[in-house]
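Heads up: the structure comes next, in structure tokens.
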There are 2 protein chains.
Amino acid sequence: MNKNAFRQLSYGVYVVSTWDKGRATGCTANSAMQITSDPATVAVSINHDNYTNQCIQATGKFAISILGEHSDPGIIGTFGFQSGKDVDKFEQVEQAVKGCLPVVADACAYIVCDVIDKMETSTHTVFLGKVTDADILKKDDPMTYAYYHNVVKGKSPKNAPTYLPEENGDASGDGRKYVCSICGYEYEGDTPFAELPEDYRCPVCKQPKSAFVEK
Amino acid sequence: MNKNAFRQLSYGVYVVSTWDKGRATGCTANSAMQITSDPATVAVSINHDNYTNQCIQATGKFAISILGEHSDPGIIGTFGFQSGKDVDKFEQVEQAVKGCLPVVADACAYIVCDVIDKMETSTHTVFLGKVTDADILKKDDPMTYAYYHNVVKGKSPKNAPTYLPEENGDASGDGRKYVCSICGYEYEGDTPFAELPEDYRCPVCKQPKSAFVEK
């Protein structure tokens, strides 16, 4: 079996969010798809280890914020590489409340759902949601997973369905490789990493230069 | 609710196939996503009205052929706008047998699955499949649904989750609008439709010029 074939499936880049006892929380996701058109239903797949999973189980509701190519890529790191149990992710990212649920204000569109069914797998829950509200937030091309990998040069966290352990980038300008210890982003610029300004931040998860380690 | 928000979800273009009593059959699908990475599982959503649905229920197996940007767009029409009950679709499209299942030879990759769970909705079945075989068939960029709509100018059949009734194209060169009665493709070329050669065929479903009707 050649697992690279899985990478040929096309995805978008989303934040799936809900309430955690009145506080907004969520996580980055790629696996979302419309299932029926009338009534409109959408399925999302969320890892059991994601705190968002248990919050969706508790509220019975989730929202999908669809990120655009012009959405701040830092949103992906904020929602993808840390737990909502430990961090108030929406403190770092502007939220809007739509259809009674928190969504990412910088997304290009949102879909709000009531959970009407679910399917459990060994590691993920597939939630089926009946759409209760949806709208376009701004004109933008939706960010695809391919765009995130090829243009933003982003990586996948270990609990993503699409994670491949052999994900590697290229060397930085001085022949040494530096990776962000938070999100796995590998620096690929022409300027040697050591010569980058001290206020350099990871373009994916916005962590400071000090979060980078030599590979 | 603004249903245009659903169009911001990103999809690929796939043929989901299986055996129908020893004969290969399948249908075009957009809704496929990886659910878990180890063991690898993939979910697909197939309308109850698609003959492929009952064939998957009977065999307990399905294959996903991932179409590339250079795959023949006629494959989408062959598998998307006619029923495998009436037509031997693989008579018109070259097949390869991979992991005991028929796949589209002109795809860029394939994934073969055993059904391990399913979730029923009002109109679609979401099949969860454990991957038993997968490989790349040729180097190509996977075709996205956006590419299919924007570059191939393709439409969606009425039983697709992503179908929107207001899908319309532009006028043809003589100010009249001609649409393919089989797949709904709207002719948009500069040459007036009447002046097209008699061997003109619908670029999406390969039907002859006579299948077009004035709108």
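One table, with the values for the structure above:
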quantity: Percent of C-alpha pairs per 10 Å bin, the protein assembly as shown, short to long; calculated: 5, 21, 30, 25, 14, 5, 1
quantity: Electrostatic dipole magnitude of segment A:27-147 [Cβ: Lys, Arg +1; Asp, Glu -1; Cα centre; debye, to 20]; calculated: 220
quantity: Simple Cβ-charge dipole of the protein assembly as shown, Lys/Arg +1 and Asp/Glu -1, about Cα centre, in debye nearest 20; calculated: 920
quantity: Average partner coverage of B:120-133, which counts Cβ from other chains inside 10 Å; calculated: 4
quantity: Inter-site label distance for residue A:117 and residue A:211 at 7 Å from Cα along Cβ, in nm; calculated: 3.9
quantity: Inter-label distance, nm, simple model (7 Å from Cα along the C-beta direction), residue A:135/residue A:92; calculated: 2.8
quantity: Distance between segment B:89-142 and segment A:68-86 - C-alpha centres, whole angstrom; calculated: 32
quantity: Where the Cα pairs of segment B:82-147 fall when distances are cut into 10 Å bins, in %; calculated: 17, 33, 45, 5
quantity: Integer Hz, Karplus 6.51/-1.76/1.60 couplings in order for segment B:19-30, x for Gly and Pro; calculated: 9, 10, 6, x, 9, 6, 8, x, 8, 6, 8, 10
quantity: Karplus-derived 3J(HN,Hα), 6.51/-1.76/1.60, for each residue of segment B:138-150, Hz, glycine and proline x; calculated: 7, 6, 6, 7, x, 6, 8, 4, 5, 4, 4, 6, 7
quantity: Free-standing Cys, chain B [no other Cys Cβ under 4.7 Å]; calculated: B:27, B:55, B:100, B:108, B:113
quantity: Shielding by partners - mean other protein chain Cβ count within 10 Å, residues of B:101-109; calculated: 1
quantity: Cα-based Kirkwood hydrodynamic radius, chain A, one decimal, Å; calculated: 17.8
quantity: Electrostatic dipole magnitude of chain B [Cβ: Lys, Arg +1; Asp, Glu -1; Cα centre; debye, to 20]; calculated: 480
quantity: Largest-first ellipsoid semi-axes for segment B:43-109, taking √(5λ) over the Cα gyration tensor eigenvalues, angstrom; calculated: 19, 15, 12
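Laboratory data are not the source of any read-out in this text; all were calculated from the coordinates shown. Since the model is a prediction, treat every value here as computed from it, not as a measurement. Positions of Cβ are generated from backbone atoms using ideal geometry, with glycine treated the same way; all protein chains shown enter the neighbour counts.
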